[in-house]
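Visitor: Following this message is one structure expressed as structure tokens.
The values are calculated or read from the model by the stated rules, or taken from the named source; none is laboratory data. In this text, all values refer to a predicted model and were calculated from it rather than measured experimentally. Don't worry about glycine lacking a Cβ; one is built from the backbone with ideal geometry, like all the others, and counts go over all protein chains shown. Ligands, DNA and RNA are stripped out before the accessible areas are found, and what is left, the full protein with its side chains, is counted by its heavy atoms. Shrake-Rupley method; radii C 1.70, N 1.55, O 1.52, S 1.80 Å.
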Amino acid sequence: MTGKKKRSSAPLPPPSSSSPLSNECNRVFGILHNGNYGKALEAAKSLVSRHPDSALANALIALVHKDIAISISDTSSVIRHEHIASALYFSNAALVLSPDSISFPMLRAVVLLTNEQYDSAIQECESALSIKNPLDPMQDNLGIVQYTPLESTPESRVGKVRTKLRELIAKAKKHTFKKLVEDDSLAEVNEEFRALLEIKVEINTRLEKVRQGLVELPSPSTSRKLLKKVLLNVDAITRARAYWNNEMSLEAKKELLSVSVDVNFDENKSMGLKAEEVLAEAVEYAKEMKNWKFSMCCCCGERFFDEELNMEHIKSAHLGTLSEELQSVVPRILPKSEIEICDWKPVDVDAAVKLIEDLSRNESGDQGQDKGKSQDLKLENWPYCNDTNRDKMIKRIWTILQVLIGVKCFAPSHLYMLLDLILEMLKNRIPETLLKQHWMNRTLVSVLFLDEPELKSVHEFIEEELEISCGLGGVYSSFTMDNAMDDLTISHERIIFSNDLSHLILLLDETSAKASRSVDESRNACQEYRDDIVQWLYMGSEPTGEKLEEWATYRKASKNLGMELFKIIESEFCRLQKICERKYKYLREEKLWLDMEGICLEEDKRREEISGNLQSYKSLLLKRQKEIEMEKSNDEMGSMELDIIGSILKKAQADNDINMLIQMHIDQLFGKCFKSDALILGANASIQLTWKKLKMVTSYDYRSIVVPLLKTFMRAQLEEMVDKDATKKSNAALEDLLSELNLDAKKNTEKGGDDARHGQGKSKDKKKKKYHRKAKEFKATGGSEDQQENVEQNLVPAAHGRDHPLNSEVVGSVTTDELEQEERELTRTTEEESRIEEHQRMLARHLEYQRQIENEAKQKRLAEIDKA
């Protein structure tokens, strides 16, 4: 034992009184504390050889052997067992040399716990607690218990050791029950369960993506395209909303939201045909089934209008069910109503014991008050106390029980095992007769009487044997994950048929009160036609091809996930069958051991009734053995019973030994059923969760594709209306402007006369340039090419005499009157030009104001998008 050094777990005790023996003991403690086990053992052996009658020396070498045994991880090691045997030998010698020591029994109890001798460890601790006047633990301190400066008196130190002894008792009892429920044969099943949980976590992630339509996350370039599309939609939404609110009649709105079932999509030929094909398929199904939803078998592809029918089909046609024999061993699930779990708080045990004793005395004095006295022991009548540590531990136990009940994984066997453990903890503090008398042995409320170390052991037992060992903690995690997924609801707008089934009508709010209206009522409700419908039309405005591809991808991914989930269900079901088969075997074996117990109990009863002629248990078992052999039956139960009788006779002869052996096997089988029940309920819960996912994956809703297709069509129809309305308004504004300009030109012509035309040549050229500038400005405001051409043709008048040049002879001499006349004409021309420019400015201001309104609406929409 001189290999790698490892610091000892035993803390270094404070120096004892100065003497040659104490100095040597402190030296051994120091070596042991530094982890040099080989050197510490040599020093301890030397110490004992020189002081064989020293209790402290014997206890010290026992401590060294115990630490060495703990350092050997292989529990089957011969060397480890040799060190444990040596530790027990020397600790016993220390007890003999110092019978009033309370520390040495604790050392021996720790060694026994290390060797898994739990009953012996409990007896050692109880023996130490019964010492009336123990020695001051400081005199034989081995460092197992550490004392604070406040614990400076012998009484306080004895109290600290007694607390430690009670902790060891609680720990030993917990391990006794843990050993009782051990079942190594289920280890492989547990590993399968953990592996399946890991697979299900990965599938959950993929399932969530499929439900959200996220085959893959968008790349940065895709995100930029999406943003650009949103920005482009802002202007379109603004124009469409203005048209919807100000120009569109109620009847037109109704017509827009009503689409023919034979709609033709204005897409490229192949894409349009595909969209029409998908829509026709959905419409045909909805007409026949009166529903848009359907469920498809992931194994054979058969389609069902109800998802529950699909699940039943998968179970019966592709999976199978448990046989009646195996179904009979599935435990009942205890509901919350059968377990008194309310506001648990620690009870003052001393006051509670006094209360129970007083009630018992009263009841024994007046049997007629039994019922009334029992009612006095309701939970709210117990004397509670303010113990923070106990309260925390009680709340932890309460939380775990709530979780187990919540996931439907708490069986009667779990309740009985917990009650047995709690009562085992309480039996040295509250008389068992009192507990039974007041039904405290049948309710988990008895946990409130436990002390802190006992509560800790109960909590650890539930956590280790149910939550961890049986995987119920994983089941709870799966429940939590699935509940989070349930929060991801996919909303679908209502789609109804017209009375003649020729049109599809969209109702946007399925959950509101209007969902219960008739078709006609819905069509006539103004609330259906509010302007947020416009925004809804532009949400998710991907091209038809993308929507069809998403629908196809979703169905393919769902089918693949469905097959994976079905394979998991197959594995989980196979695991459930294995556990049920094993429990069925345990129950049959338990019945045979109970039969053996019944033979012994029947003899006990006969002994009480008839004195003399006693028969031993052994003779009765031999008699039963011969009866079975005489029957010469080759059934399995008969063979098992013969094996059991043979094993009893081989291991025990005396009545007491036979009785103990039978009881031990019954307890062990009950413990195995306890573990099997947890695994069965856990497997059942896990299967139900997987069924829930499979139901989700194999269920479809045609509205997922029909609504986007109809939105695409309706959006295109609305945009066409908006464009036509804009063109109409532009043409009307242009006609008004041209009418006004033509009127001004006509007035000018009438006033000027033919003789003024010669002086207007240059001014006409000026006006022609201005008219061309006017046409360019109109083009900048968004007029079409035809409109622009029309503007130029109307605004630019033909030059008078363009085809007949002016005769220079006629123009030759100009008189004063003619000059004055020309001046007047120029003045009128200037005024006319001023009026034209004023009209131009008015039109420009109007267009600028309209652009400003549109820009403000666009900026407001962008701000809403940024905020979202």
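Visitor: Which one is nearest to PHE573 (Cα to Cα) among residues in the range 301-349 that are under 29 Å from the mean Cα position of the chain (by Cα) and of a type in the set (Ser, Thr, Tyr)?
Guide: THR321
Visitor: Name every residue in the range 25-45 that is open to solvent by less than 50 Å² (accessible area, probe 1.4 Å), under 23 Å from LEU97 (Cβ atoms) and of a type outside the set (Val, Ile, Thr), in order of residue number.
Guide: CYS25, ASN26, PHE29, LEU32, ALA40, LEU41, ALA43, ALA44
Visitor: Give the number of residues within the range 683-714 that are among the charged types (D, E, K, R) and surrounded by fewer than 19 Cβ atoms within 10 Å (Cβ to Cβ).
Guide: 3
Visitor: Does the range 184-200 contain any residue that is assigned to a loop (DSSP other than H, G, I, E, B) and either crowded, with 17+ Cβ neighbours inside 10 Å or not aliphatic (A, V, I, L, M) (or both)?
Guide: Scanning the range 184-200, I find no residue that is assigned to a loop (DSSP other than H, G, I, E, B) and either crowded, with 17+ Cβ neighbours inside 10 Å or not aliphatic (A, V, I, L, M) (or both), so the answer is no.
Visitor: Of all residues in the range 284-307, count the ones that are free of Cβ contacts under 8 Å to residues at least 12 places away in the same chain and either acidic (Asp, Glu) or on the phi > 0 side of the Ramachandran plot (or both).
Guide: Result for the range 284-307: 6.
Visitor: Shifting gears a bit: Go through the range 156-177 residue by residue and tally those that are more than 20 Å from SER127 (Cβ to Cβ) and surrounded by fewer than 16 Cβ atoms within 10 Å (Cβ to Cβ).
Guide: Matching residues across the range 156-177 total 1.
Visitor: A follow-up question, please. What's the number of the only condition in (1) at pLDDT below 75; (2) within 30 Å of ILE680 (Cβ to Cβ); (3) open to solvent by 20 Å² or more (accessible area, probe 1.4 Å) that GLN146 fails to meet?
Guide: Of everything listed in (1) at pLDDT below 75; (2) within 30 Å of ILE680 (Cβ to Cβ); (3) open to solvent by 20 Å² or more (accessible area, probe 1.4 Å), GLN146 misses just condition (2).
Visitor: Would you be able to tell me the number of residues in the range 391-432 that are open to solvent by less than 60 Å² (accessible area, probe 1.4 Å) and within 30 Å of the chain's Cα centre (by Cα)?
Guide: Going through the range 391-432 one residue at a time, the tally reaches 21.
Visitor: Among (1) open to solvent by less than 30 Å² (accessible area, probe 1.4 Å); (2) modelled with pLDDT of 80 or more; (3) in a helix (DSSP H, G or I), where does GLU564 come up short?
Guide: Against the list (1) open to solvent by less than 30 Å² (accessible area, probe 1.4 Å); (2) modelled with pLDDT of 80 or more; (3) in a helix (DSSP H, G or I), GLU564 comes up short only on (1).
Visitor: Can you tell me how many residues in the range 147-183 are small (Gly, Ala, Ser), over 40 Å from the mean Cα position of the chain (by Cα) and assigned to a helix (DSSP H, G or I)?
Guide: 2
Visitor: Still on this structure, please answer the following. What helices (runs of 4 or more DSSP H), lying completely within the range 34-121, carry at least 3 residues that are over 20 Å from ILE144 (Cα atoms) and under 57 Å from the mean Cα position of the chain (by Cα)?
Guide: Passing ranges, in order: 78-97.
Visitor: Using the structure shown, decide if SER323 is of a type outside the set (Phe, Trp, Tyr) and open to solvent by 60 Å² or more (accessible area, probe 1.4 Å).
Guide: So SER323 does not fit the description; no.
Visitor: Can you find even one residue in the range 85-96 that is touching a Gly at 6+ places or on another chain (Cβ under 9 Å), surrounded by fewer than 22 Cβ atoms within 10 Å (Cβ to Cβ) and closer than 21 Å to ARG27 by Cβ?
Guide: no
Visitor: Based on this model, can you work out whether SER103 counts as among the hydroxyl-bearing types (Ser, Thr, Tyr), buried (at least 21 other Cβ atoms within 10 Å of the Cβ) and touching a Lys or Arg at 6+ places or on another chain (Cβ under 8 Å)?
Guide: So SER103 does not fit the description; no.
Visitor: Looking only at residues in the range 110-133 that are within 18 Å of GLU424 (Cα to Cα) and among the aliphatic types (A, V, I, L, M), which one is surrounded by the fewest Cβ atoms within 10 Å (Cβ to Cβ)?
Guide: Step by step, filter the range 110-133, then rank; the result is LEU129.
Visitor: Which of the following residues is modelled with pLDDT under 75 and among the acidic types (Asp, Glu): ASP451, ASP486, ASP420?
Guide: ASP486
Visitor: Just one of the numbered conditions (1) assigned to a helix (DSSP H, G or I); (2) farther than 17 Å from LEU710 by Cβ is not true of VAL283; which one?
Guide: (2)
Visitor: Follow-up. Could you tell me whether the range 355-362 includes any residue that is within 48 Å of the chain's Cα centre (by Cα) and modelled with pLDDT of 80 or more?
Guide: Yes, that holds for at least one residue.
Visitor: Condition check: farther than 23 Å from LYS160 by Cα and either polar (S, T, N, Q) or surrounded by 15 or more Cβ atoms within 10 Å (Cβ to Cβ) (or both). Does SER73 satisfy that?
Guide: Considered against the rule, which asks whether it is farther than 23 Å from LYS160 by Cα and either polar (S, T, N, Q) or surrounded by 15 or more Cβ atoms within 10 Å (Cβ to Cβ) (or both), SER73 comes out as yes.
Visitor: If ASP604 satisfies every condition in (1) touching a Ser or Thr at 6+ places or on another chain (Cβ under 8 Å); (2) open to solvent by 30 Å² or more (accessible area, probe 1.4 Å) but one, which is the exception?
Guide: Condition not satisfied by ASP604: (1).
Visitor: Kindly indicate which of SER337, SER374 is surrounded by fewer than 17 Cβ atoms within 10 Å (Cβ to Cβ), modelled with pLDDT under 90 and in contact with a His (Cβ under 7 Å, 6 or more places away or on another chain).
Guide: SER374
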